[in-house]
1. Just one of the numbered conditions (1) touching a residue at least 24 places away in the same chain (Cβ under 8 Å); (2) within 28 Å of residue 186 (Cβ to Cβ) is not true of residue 209; which one?
2. So which residues in segment 289-331 are assigned to a loop (DSSP other than H, G, I, E, B), within 27 Å of residue 221 (Cβ to Cβ) and modelled with pLDDT of 85 or more?
3. Could you run through segment 26-39 and say how many residues are surrounded by 12 or more Cβ atoms within 10 Å (Cβ to Cβ) and in a helix (DSSP H, G or I)?
4. Could we say that residue 217 is assigned to a helix (DSSP H, G or I), under 19 Å from residue 266 (Cα atoms), in the same structural domain as residue 264 (by TED's automatic domain parsing) and in contact (Cβ under 8 Å) with a residue 40 or more places away in the chain here?
5. I want to confirm something. Restricting to segment 244-274 and keeping residues that are closer than 20 Å to residue 208 by Cα and touching a strand residue (DSSP E or B) at 6+ places or on another chain (Cβ under 7 Å), which single residue is surrounded by the most Cβ atoms within 10 Å (Cβ to Cβ)?
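The values are calculated or read from the model by the stated rules, or taken from the named source; none is laboratory data. Computed from a prediction, not measured in an experiment: that's the story for all the values here. With ideal geometry, Cβ positions are generated from the backbone for all residues, glycine too; neighbour counts draw on all protein chains shown.
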């Protein structure tokens, strides 16, 4: 049966103590040669303990070095025994596996976000270049003076056509400007936010717009280090969606909760509205995607960008009776 590492450690310490006492007794009896042998044994065991510690430190050092260099394939070899050191290695491997999964998800989200931003930037640039001269030309033609008496019908048709072109072009321009918000989102300016004060302020703001929500903050003096304007924009977007989801409900209910979970601050916005289908939940944060008939597909995409900018994550849980949005921020 294999001896556990902690038992080996205590055994070596015990032997060192016994050899030291024996050596001292031999030296007192003037048996110097035997005392020297005991001293050599003590030194050998001490060196053995030292090298055991060095090997463990070197293994951990190599693992930390691998993580620092983004080599997540590193892991501790275990012998599947009930040894305390083996259990520690298993826990380290599990922690590393969790870290790998989270890092991979974070990198994928960031890469996807950058890809969408690049696509939106290219599309808006090309559309803006095409639409600007159309607007300018339609304005010029619409303002041009024509002899109404000679060609009244042609003038009327041209005038209506130019007005239609101008109106539609302006609408498209506003549409494009809306999407450009995703690519112009600045880096957050972090500052301590007292969540209870922010929730109270938002409650007053939304009540003036005709809808209300309840909130809970735990602990009561919870502080979030984030960009205040961005977090307010995130919450307003989520609250607006919750309000629209509850339209037609006899007793609409919107709840917001901010709480400390480990090293993160979690903000949840829930409603008892119509819910979101499983298929739509997978696409809900994709730019341009919307479940609403006249939705722009920008609001939730912007929320996701805000959370990613803060190195957090956002998710949704929903059924046909309720919806829950969960945003987590590093403390």
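1. Failing condition for residue 209: (1).
2. Those that are assigned to a loop (DSSP other than H, G, I, E, B), within 27 Å of residue 221 (Cβ to Cβ) and modelled with pLDDT of 85 or more: 310, 311, 312.
3. If we filter segment 26-39 for residues that are surrounded by 12 or more Cβ atoms within 10 Å (Cβ to Cβ), which is where we start, we get 26-27, 31, 34-39.
Next, from what is left, pick out any that are in a helix (DSSP H, G or I): 26-27, 34-39.
Final tally of qualifying residues: 8.
4. So residue 217 fails the test.
5. Once the filter is applied, the top-ranked residue is 271.
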